[in-house]
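To keep things clear, I will list the structure first and then write my remarks on it.
The values are calculated or read from the model by the stated rules, or taken from the named source; none is laboratory data. These numbers come from a predicted model, not from an experiment. Heads up, the Cβs are rebuilt from the backbone with ideal geometry, glycines too, and the neighbour counts pull from every protein chain shown.
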Amino acid sequence: MYERASDCGYSHCALGDKDEWEKLKGIYTTMLPHIDFLSFYQIVGQFSRDYTNPGSWENPNPRSFSTGEQGIDYLADRISNLSKFLHDSYKKPVYMAYIAVPTATWSDSNGNNAIEDSEVNPNGWLTQANNTYAILAQLRGQLQANGLFGFSTMELFDDPRHDYGGYQFLMNNTYHLGIIGSSARDESDIATYGDLNFKGTILNSLFP
């Protein structure tokens with residue numbers, strides 16, 4: 001974690017981190033003659049495995065974050081800044097392979113450091129997701145000027161089997177990656193395509 005915003009190259013480190021982005025220069029420079037464009041992805045969730053102590057497959061160690069810690073309010077601007085950094089540095093078009101703002105939140109109400117269904121709000125971060133896509137829509141011209149020619153969402157529908165049998169950094173939040181929810185249940189095929197819930201204004205922002 002940087003102590004000074006000046007180390008990141010922006011007024012707030014959530015807006016970008018030129019110092020870290022610059023560390024990939026060797027890889028990008030080597031690949032430039034062989035590629036048509038550069039790509040990146042952005043995933044920001046309210047809870048995930050603790051990146052300082054993620055735990056094991058069987059015993060994951062979850063951690064929740066405040067909106068300030070995750071910098072979610074700056075995500076759209078960060079995407080614009082990263083696009084411009086890549087485009088200006090390597091003179092290639094830029095594509096965001098996927099963006100995900102999982103809409104669930106978790107609060108460890110009983111203090112046992114385990115995610116329980118009663119502690120998860122599937123729409124706790126709906127406002128943050130809505131705002132991110134709305135700002136991206138407002139920044140279309142700026143994003144294009146900064147070299148970004150498109151992006152994909154991850155994913156269209158919440159998938160109740162997204163982490164079935166696998167190790168997932170976002171843990172239970174992988175069930176809430178979609179921009180459309182449903183009545184589907186975790187790791188179950190019941191009602192997988194039923195009772196669709198169009199999350200807030202996201203689709204309107206993507207397809208005005």
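For the reader, a short list of remarks on this structure follows.
- Enumeration of residues in segment 95-127 that are under 12 Å from S64 (Cβ atoms) and of a type in the set (S, T, Y): T105, S107, S109
- Within segment 106-127, being outside any helix (DSSP H, G or I) and touching a residue at least 24 places away in the same chain (Cβ under 8 Å) holds for W106, S107, D108, N113, A114, I115, V120, P122, N123, G124, W125.
- Subset of segment 96-105 (residues that are in a loop (DSSP other than H, G, I, E, B) and either of a type in the set (V, I, T) or within 23 Å of K25 (Cα to Cα) (or both)): V101, T103
- Top-ranked residue of segment 29-75 - restricted to ones that are surrounded by 15 or more Cβ atoms within 10 Å (Cβ to Cβ) and aliphatic (A, V, I, L, M), ranked as farthest from the chain's Cα centre (by Cα): L38
- Number of positions in segment 51-79 that are aliphatic (A, V, I, L, M) and either over 14 Å from C13 (Cβ atoms) or part of a strand (DSSP E or B) (or both): 2
- Among (1) modelled with pLDDT under 75; (2) within 16 Å of L75 (Cβ to Cβ) - the single one R140 does not satisfy: (1)
- Note on segment 128-162: residues that are farther than 25 Å from G68 by Cα and assigned to a helix (DSSP H, G or I) amount to 3.
- Flag if S48 is of a type outside the set (V, I, T) and assigned to a helix (DSSP H, G or I): no
- Positions within segment 80-95 being in a helix (DSSP H, G or I), in contact (Cβ under 8 Å) with a residue 60 or more places away in the chain and not hydroxyl-bearing (S, T, Y), in sequence order: N81, L82, K84, F85, L86, H87
Quick grid of which residues meet (1) crowded, with 17+ Cβ neighbours inside 10 Å; (2) over 23 Å from Y41 (Cβ atoms); (3) in contact with a helix residue (DSSP H, G or I) (Cβ under 6 Å, 6 or more places away or on another chain):
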site	(1), (2), (3)
D77	yes, no, yes
K84	yes, no, no
D88	no, no, no
A97	no, no, no
T103	yes, no, yes
S107	no, yes, yes
N110	no, yes, no
I115	yes, yes, yes
T132	yes, no, yes
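This table checks each residue for (1) modelled with pLDDT of 95 or more; (2) over 30 Å from T29 (Cα atoms).
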position: Q42; (1), (2): yes, no
position: E58; (1), (2): no, yes
position: A76; (1), (2): yes, no
position: S89; (1), (2): yes, no
position: V94; (1), (2): yes, no
position: I115; (1), (2): no, yes
position: Q128; (1), (2): yes, yes
position: T132; (1), (2): yes, yes
position: I135; (1), (2): yes, yes
